[in-house]
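Below you'll find the structure, written out as structure tokens, and then a few comments.
The values are calculated or read from the model by the stated rules, or taken from the named source; none is laboratory data. In this text the structure is predicted, and so the values were computed from the model without any measurement. When we count neighbours, we look across all protein chains shown, and the Cβ atoms used for this are built from the backbone with ideal geometry, even at glycine. These accessible areas exclude ligands, DNA and RNA; they are computed on the full protein's heavy atoms, side chains included. Shrake-Rupley method; radii C 1.70, N 1.55, O 1.52, S 1.80 Å.
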Amino acid sequence: DGRLQARRALERDLRTALLRGELEVHYQLQLDARGEEPVGVEALARWHHHERGWVPAEDFISVAEDTGLILPLGEQVLRTACAQAAAWPKVRVSVNLSPVQFRHGDLVELVRSALQDTGLDPTRLELEITERVLLTDTAGVLATLGRLRDLGVRIAMDDFGTGYSSLSYLQKFPFDTIKIDQSFVGGLEAQSEADAIVRAVLGLGRSLGMRTCAEGVETAGQLAFLQAEGCDEVQGYYLSRPLPAADIGRLLDPPMPAPATEAPEPPIGWAPATSAS
């Protein structure tokens, strides 16, 4: 009963936060694995509660999906990410989609509207889905993905390998990107099974002409393995933590430096791995 009351209180507060625009969008850099230069950012919803502090995303996202609040939340994240990315250099912005968004409302029209209203080039938007999206209405979801692809946006399969039918979905739809789940990346260097699985997924991506992105890179050794095996893109705390839009904007488009009279401040969040401690 206590857990149920706490969940209802969280739902109530989330409704209020959405109405007041209190949720933020932070961004995590995605780097080219070879040159270690930014090629994209992933948009992530963040909520700073006036009493609880920062609420873990897994807590309020699950409540949002169960109550339907993921619809206004997802729209807010999509529109905010498109608007902010339009002001940055030509990097890609990735936005996660929930299975609920495919079942309710016109997702294609929402994406079209967000692109038109913000002026973002469709080729700079990547929509990420997990296998959960495809479990219930595979044919309908694939049709929607095809219509989204017709807008010019990119489609990525997130958390690859953690579901039930990853390989069959790759056969049914030509995804642009395969994102290797952090549970496999975290096992690199320590588990030969993880090494073999990641190596196989990278080879699969090359064979199918799909880019590969490894999530959850947290050590220099993991990065070195992925570089040696030909992974296309990487993201994780070793490279950059999620940051507010203003900080990401400064990293992507830094101002011209003024003549320095003293030692400069170290950069926020991201530096090439060769200079990281």
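Evaluate the following for Ile155: is it touching a helix residue (DSSP H, G or I) at 6+ places or on another chain (Cβ under 9 Å) and farther than 17 Å from Ala33 by Cβ? I'd like the intermediate steps shown before the answer.
Details: touching a helix residue (DSSP H, G or I) at 6+ places or on another chain (Cβ under 9 Å): yes; farther than 17 Å from Ala33 by Cβ: yes.
Answer is yes for this residue.
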Fill in: Search result, residues across segment 77-91 that are at pLDDT 95 or above and either more than 22 Å from Ser113 (Cβ to Cβ) or not hydrophobic (A, V, I, L, M, F, W, C) (or both)
Arg79, Thr80, Gln84
Discussion item. Restricting to segment 47-70, name every residue that is open to solvent by 60 Å² or more (accessible area, probe 1.4 Å) and not in a loop (DSSP other than H, G, I, E, B).
Written reply: His48, Trp54, Glu58, Asp59, Asp66
Worksheet item: Filtering segment 115-142 down to residues that are polar (S, T, N, Q), in a helix (DSSP H, G or I) and modelled with pLDDT of 85 or more, which residue is most open to solvent (accessible area, probe 1.4 Å)?
Response: Gln116
Practice prompt. Can you tell me which residue within segment 71-93, out of those that are open to solvent by less than 60 Å² (accessible area, probe 1.4 Å) and not in a helix (DSSP H, G or I), is farthest from Ala9 (Cα to Cα)?
Written response: Pro89
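May I ask you to list the residues in segment 17-44 that are under 13 Å from Leu251 (Cα atoms) and of a type in the set (Val, Ile, Thr)?
Here is the first cut: in segment 17-44, the ones under 13 Å from Leu251 (Cα atoms) are 27-31, 37-41.
Within segment 17-44, Val39, Val41 qualify.
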